[in-house]
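Every read-out reported here was derived from the displayed coordinates using simple, explicitly stated rules and does not represent laboratory data. Just so it is clear, the structure is predicted and the values come from calculations on it, not from any experiment. Positions of Cβ are backbone-derived with ideal geometry, glycine not excepted, and every protein chain shown enters the neighbour counts.
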Amino acid sequence: MTGELGNGYDVVVVGGGAAGLNGALVLARSRRSVVVLDAGAPRNAPAAGVHGLLAREGMRPGELLERGRAEVRSYGGQVVDGEVATVARDGDGFTVGLADGRSTRARRLLVTTGLVDELPDVPGLRERWGRDVLHCPYCHGWEVRDRAIGVLANGPMAVHQALLFRQLSPDVTLFAHTHPAPAGEQAEQLAALGIPVVTGEVASLVVDGDRVTGVRLADGTVVAREAVAVQSRMVARAGFLAGLGLDPLPHPSGMGEHLPADPTGRTAVPGVWVAGNVTDLSAQVGAAAAAGATAGAQVNYDLVVEDTARAVAAAREPVEV
Ligand SMILES: Cc1cc2nc3c(=O)[nH]c(=O)nc-3n(C[C@H](O)[C@H](O)[C@H](O)COP(=O)(O)OP(=O)(O)OC[C@H]3O[C@@H](n4cnc5c(N)ncnc54)[C@H](O)[C@@H]3O)c2cc1C
């Protein structure tokens, strides 16, 4: 639903996933004027259910967010469909510009825009992403337990990922793809757990009747598999913050780019907080929601400090008689 965008708010939340909606919920319950601007493309949209989330286990991702939107609105917060294209400093606040030409003002910004999963350029991966192409053993590992799983090496975490999926199935194969076959301690670990390594570049996935059935190598060999795990390169969605000098930086893990922040979500740019996958690449839904709630409370406190200082200054003004 598209709401009417107002001229200005205490807080504009950019991004209406788990992080943004929980931040907005805390802010709305603190009687802050708050709007969530959301482009409507949460990261887990292709998945059938949200897993590993207490009391909401298996719920459709869309239903979780619909409930969150309703909760924010029930306390007077707004949720408006739209994509933020620019943010500029405007006095002691910000002007937020949308791609469709609308704009509004904010005293504070909470950025919860998540990340983009960049996948290796292997035909079939993108099409099957979130179904039988997986990245996270905690999100959908249980759903592929005991199945024939291939792990496609795509960076430094490939062996780690293979070990995690081996906990869920005895039939895991590591495809080295364009990387050298693991050596030393890693090779020993794989061998001890019975994880074969297939060398040679992967050309495509084999898909039959809406199911992955195998991995095809460049030499034509097909290795039968029912699911493929791959580590995406995770890149924070933050291009619209360039005007504030807030650019994504390489994550220390080597797994992508994020917006750094302190544990409360405060960034180096005064007035801008971040939460969820945009800063914490490995946050699942529960962690993203919790970080949004923490940041929302911190933003509220920052505004309380400012409002109190203003009230004190006003109280000190000599009263004209
Ligand atoms: C396939 C898949 C399955 C997953 N399954 C699970 C699972 O089972 N359990 C689990 O806990 N985690 C799961 N995850 C991880 C989960 O997706 C993330 O933890 C979660 O989405 C992070 O929430 P977030 O609010 O940070 O970002 P998101 O949920 O990605 O929300 C960000 C929102 O911001 C919006 N946005 C982006 N840019 C702009 C802009 N410029 N202007 C306005 N809005 C913008 C986006 O459209 C989106 O709606 C899965 C991930 C994937 C990829």
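Comparing Cα centroids, region 18-44 and region 86-118 end up 13 angstrom apart. Judged by the gyration tensor of its Cα atoms, with axes a ≥ b ≥ c, region 120-230 is oblate; a/c meets the 1.5 cut and b/c is at least as large as a/b. With neighbour counts taken as other beta-carbon atoms within 10 Å, the residues M234, M255 rank, fewest first, as M255, M234. Considering only DSSP beta bridges where both residues belong to the chain, give the percentage that are antiparallel (nearest 5). Taking every DSSP beta bridge within the chain, about 45 percent pair in antiparallel fashion.
The order of the peptides 41-49, 215-223 by mean Cβ neighbours within 10 Å, most packed first, is 41-49, 215-223. Close amide-amide hydrogen proximity is noted between D171 and I149, each under 5 Å apart and 5 or more residues distant or on a separate chain (H modeled in the peptide plane; Pro and chain starts excluded). A full extension of the chain between D219 and R126 corresponds to an added length of 31.3 nm, given 0.36 nm per residue minus the alpha carbon distance. Near the amide H of G8, within less than 5 Å, lie the amide hydrogens of R105, all on another chain or at least 5 residues away, with H placed in the peptide plane.
Per-residue Cβ neighbour counts within 10 Å put D247, D280 in the sequence D247, D280, beginning with the fewest. The 3J(HN,Hα) values that the Karplus relation (6.51, -1.76, 1.60; θ = phi - 60°) gives for region 220-234 are, in residue order, x, 4, 10, 9, 5, 8, 9, 8, 10, 9, 8, 8, 6, 8, 9 Hz. Gly and Pro appear as x. Once C-alpha pairs closer than 8 Å and six or more residues apart are averaged by separation and normalised to the residue number of the chain, the relative contact order reads 21 percent. Rounded to the nearest 10 degrees, the angle from helix 18-29 to the longest Cα principal axis of the chain is 20 degrees. For A85, nonlocal amide neighbours, meaning residues 5 or more places apart or on other chains whose placed amide H falls under 5 Å from its own, are G97, L98, A99. Exposure proxy for V274, V35, V80: other Cβ atoms within 10 Å of each Cβ, ordered fewest to most, give V80, V35, V274.
A crude spin-label estimate for the pair R316 and V304, with each label 7 Å from Cα along the Cβ direction, gives 2.2 nm. Along the axis of the charge dipole computed for the chain (Cβ charges of +1 for Lys and Arg, -1 for Asp and Glu, origin at the Cα centre), the listed residues C136, H51, V172 are led at the positive end by H51.
Determine, from the Cβ-Cβ distance of S204 and A242 and an R0 of 45 Å, the FRET efficiency 1/(1 + (r/R0)^6), rounded to the nearest 0.05. Step by step, r from the Cβ atoms, then E = 0.80. Taking θ as phi - 60° and the Karplus parameters 6.51, -1.76 and 1.60, the scalar couplings of region 86-93 work out to 9, 9, 10, 5, 9, x, 9, x Hz in sequence order, x denoting glycine and proline. Compared with the direct C-alpha span, the chain from M157 to D100 gains 16.6 nm at full extension, assuming 0.36 nm per residue. What the phi angles of region 279-289 give under the Karplus curve with 6.51, -1.76 and 1.60, with θ = phi - 60°, is a coupling list of 10, 10, 4, 9, 5, 8, 4, x, 5, 5, 4 Hz, glycine and proline written as x. What the Cβ-Cβ distance of R147 and Y75 gives, at R0 = 30 Å and to the nearest 0.05, is a FRET efficiency of 0.10. The DSSP beta bridges internal to region 120-230 are antiparallel in roughly 40% of cases. Here region 176-249 and region 258-315 have alpha carbon centers that stand 35 Å from each other.
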